[in-house]
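Only one structure is covered here, and it is reproduced in the block below.
The values are calculated or read from the model by the stated rules, or taken from the named source; none is laboratory data. Everything quoted here is computed from the prediction, not taken from an experiment. Note: ideal-geometry Cβ built from the backbone for every residue, glycine included; neighbour counts use all protein chains shown.
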Amino acid sequence: MYKAFSIKAPFFEIGPKAYLYGIDVLSLAKAADAAAIKYDVDIIFTAPFVDIYPVAKATKRIFVFAPHMDPIYPGRGLADILPEGIKAAGAIGVMLNHCERPLSLANLKKAIDRADEIDLATIVCADSIAEAKAIACFNPNIIVAEPSDLIGSGQVSDLDYIVESIRMIKSVNPDILVLQAAGISNGQDVYQVIRAGAEATGSSSGIARAKDRAAMVDEMIHAVRQAWDERQR
């Protein structure tokens with residue numbers, strides 16, 4: 001596990017995927033940076049590969065992650081994503097096993113091990129509680145417990161799923177942070193998930209498709225802070 005990992009709960013993940021590109025990605029990253037500072041909430045920004053360098057250069061508070069990598073070493077590998085390459089571009093971590101870029105458990109283990117070798121943090125997606133428990137045995141930094149059929153649906157996971165997925169992951173390794181996402185569309189969704197016991201949540205289309213993306217980021221990160229603070233009282 002990446003030893004220098006410093007992200008703490010509560011936190012949030014923003015992934016523009018292919019909804020945005022170029023200046024729009026950079027503008028969204030700057031809005032996320034401002035919200036992270038304003039509310040003192042850690043934000044993972046999973047930038048498209050070509051935008052990692054400009055986003056990392058233009059921001060101070062967010063944690064820039066790559067959306068994938070291949071468990072290869074420098075050398076041959078045309079069109080593969082080299083771990084050292086994304087780190088050199090400014091990423092401090094990598095997302096793995098998203099439903100749009102799934103990996104076998106064997107290749108996922110190799111990718112997590114490669115990330116650990118060069119001190120890249122790992123956030124790994126799991127489609128079910130059983131898969132989340134299996135992935136926890138590989139000791140990533142964060143597991144995203146989100147049923148893939150809810151992604152982009154506007155429907156969030158129910159309370160039982162949130163509670164049970166956290167319990168199962170923590171039973172394997174209590175140090176793994178757990179992010180509950182899928183279907184997060186507004187600040188109220190964020191508030192409900194964090195109040196239900198999640199350490200983190202996140203959004204892609206809910207932010208990328210908003211009429212005012214910066215305002216939606218602010219709304220969601222404010223909801224993270226409010227819900228978390230209420231839980232601590």
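When the range 3-39 is limited to residues that are buried (at least 18 other Cβ atoms within 10 Å of the Cβ) and assigned to a loop (DSSP other than H, G, I, E, B), the one that is modelled with the lowest pLDDT turns out to be F5. L103 is checked against (1) surrounded by 19 or more Cβ atoms within 10 Å (Cβ to Cβ); (2) under 17 Å from L179 (Cβ atoms); (3) modelled with pLDDT of 95 or more and fails just one. What number does that condition carry? With respect to (1) surrounded by 19 or more Cβ atoms within 10 Å (Cβ to Cβ); (2) under 17 Å from L179 (Cβ atoms); (3) modelled with pLDDT of 95 or more, L103 is out only on (2). The residues on offer are K60, K30, K17, and the sole one that is touching a Ser or Thr at 6+ places or on another chain (Cβ under 6 Å) and within 27 Å of I194 (Cα to Cα) is K17.
Among the helices (runs of 4 or more DSSP H) confined to the range 134-233, the ones with at least 1 residues that are over 16 Å from the mean Cα position of the chain (by Cα), surrounded by 17 or more Cβ atoms within 10 Å (Cβ to Cβ) and modelled with pLDDT under 90 are located at 159-172.
Residues are listed down the side, and each one gets a yes or a no for (1) under 23 Å from A223 (Cβ atoms); (2) out of contact with any helix residue (DSSP H, G or I) (no Cβ under 8 Å at 6 or more places or on another chain); (3) basic (K, R); (4) touching a residue at least 40 places away in the same chain (Cβ under 8 Å):
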site: G22; (1), (2), (3), (4): no, no, no, no
site: L28; (1), (2), (3), (4): yes, no, no, yes
site: A31; (1), (2), (3), (4): yes, no, no, yes
site: K38; (1), (2), (3), (4): yes, no, yes, yes
site: V41; (1), (2), (3), (4): yes, no, no, yes
site: I44; (1), (2), (3), (4): yes, yes, no, yes
site: V50; (1), (2), (3), (4): no, yes, no, no
site: P54; (1), (2), (3), (4): no, no, no, no
site: A58; (1), (2), (3), (4): no, no, no, no
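Count of the range 60-100 residues, restricted to those that are hydrophobic (A, V, I, L, M, F, W, C), modelled with pLDDT under 95 and out of contact with any helix residue (DSSP H, G or I) (no Cβ under 6 Å at 6 or more places or on another chain), is 2. Scanning the range 123-140 for residues being in contact with a strand residue (DSSP E or B) (Cβ under 6 Å, 6 or more places away or on another chain) and not hydrophobic (A, V, I, L, M, F, W, C) gives a total of 1. Pairing each residue of the range 113-141 that is more than 19 Å from P67 (Cβ to Cβ) and in contact (Cβ under 8 Å) with a residue 12 or more places away in the chain with any residue that is polar (S, T, N, Q) and surrounded by 17 or more Cβ atoms within 10 Å (Cβ to Cβ), provided the two are 6+ apart or on different chains, yields C-beta distances under 7 Å for I129/S165; A132/S165. When restricted to residues that are touching a helix residue (DSSP H, G or I) at 6+ places or on another chain (Cβ under 6 Å) and either among the aromatic types (F, W, Y) or without any contact (Cβ under 8 Å) to a residue 40 or more places away in the chain (or both), the range 199-233 contains 5.
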